[in-house]
Amino acid sequence: MSGDTELIKLYSARILALAADIPHLGRLTSADASVKRRSPLCGSAVTADVVVSQDQLIELGLDVKACALGQAAATLASRVAVGRTLAEIVDARDALKEMLEGKDTMPDSPFEGYEALSPAVAYKNRHASIMLTLEAITEAMEAALSAQPAQKA
C-alpha cells in the first residue's frame, strides 16, 4: 500500500498540470535539424525539431509521446529553451541529470522548476523519460550547428 502512496506523490497535481501544458508541440516543416530520443526502458519518445542561428535556439517543435513525468519535463524545458544557447541547454541537461542522480543540484534560471520532479529521484526507471527533451534539443542543436558554415571571426 505504501507503494501506491508513493506513486500518488510522484504524480502530483503539479506534475499532471505541467504534463498538460507543453509549449511548442508540433513538428517544424523547415527545421535545421531533428532528433528523436527514445527511452528503451519505458518506450517514451521525444522528437525535437530546431532552427538555430549563431548558437541560439530560434524555433522549436516537439513531438512528445511520454509518461506524465516526461511530459512535465518537456514543458519545463520548452517553456524557456527558445532564445537559449547550446551551452545553456547543455548546462540545464547536466544539472537535471545530477539532480536525478541524487546530487544537490537543480537547473539554474531560466530552467528552474525541475524541483517539481524531485520525487522521481527515487524512481530510476523514470529518469530516462525525464531527460528526453533536453537530450533531444541538445543533440538537435549540435547537429544544426555542425551543419552550418563556419563563422568567420
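Quickly run through segment 15-40 and pick out the residues that are in contact with a strand residue (DSSP E or B) (Cβ under 7 Å, 6 or more places away or on another chain), farther than 21 Å from residue 111 by Cα and open to solvent by 70 Å² or more (accessible area, probe 1.4 Å).
27, 32, 36, 38
Residue 58: closer than 20 Å to residue 27 by Cβ, open to solvent by 30 Å² or more (accessible area, probe 1.4 Å) and modelled with pLDDT of 95 or more, yes or no?
Taking the combined requirement at face value, the residue satisfies it.
Can you tell me which residues in segment 82-129 are closer than 15 Å to residue 15 by Cβ and of a type outside the set (A, V, I, L, M, F, W, C)?
Within segment 82-129, 113, 114, 115, 118, 119, 123, 126, 127, 129 qualify.
Cβ contacts < 7 Å: first residue more than 13 Å from residue 44 (Cβ to Cβ), restricted to segment 62-88; second residue of a type in the set (Lys, Arg) and surrounded by fewer than 24 Cβ atoms within 10 Å (Cβ to Cβ), any location; separation 6+ or different chain. Result?
Cβ pairs passing all conditions: none.
For the subset of segment 80-98 comprising residues that are in contact with a His (Cβ under 9 Å, 6 or more places away or on another chain) and under 15 Å from residue 132 (Cα atoms), which member is least open to solvent (accessible area, probe 1.4 Å)?
Only one residue tops the list, namely 81.
So which residues in segment 114-126 are under 17 Å from residue 95 (Cβ atoms) and crowded, with 21+ Cβ neighbours inside 10 Å?
114, 117, 120
Being acidic (Asp, Glu) and in contact with a helix residue (DSSP H, G or I) (Cβ under 9 Å, 6 or more places away or on another chain) is the filter; apply it to segment 31-87 and report the residue that is farthest from residue 100 (Cα to Cα).
Selected residue: 32.
For segment 118-133, does any single residue satisfy the condition of being at negative phi, of a type in the set (D, E, K, R), within 14 Å of the chain's Cα centre (by Cα) and assigned to a helix (DSSP H, G or I)?
yes
Mind checking which pairs have a first residue in segment 22-33 that is closer than 11 Å to residue 50 by Cα and a second that is open to solvent by 70 Å² or more (accessible area, probe 1.4 Å), Cβ under 7 Å, 6 or more apart or different chains?
Qualifying pairs under 7 Å: 28/59; 32/147; 33/147.
The values are calculated or read from the model by the stated rules, or taken from the named source; none is laboratory data. In this text the structure is predicted, and so the values were computed from the model without any measurement. Neighbour counts are summed over all protein chains in view; Cβ atoms, including those assigned to glycine, are modelled from backbone coordinates with ideal geometry. Accessible surface is based on the protein model in full, side chains and every heavy atom, while ligands, DNA and RNA are left aside. Shrake-Rupley method; radii C 1.70, N 1.55, O 1.52, S 1.80 Å.
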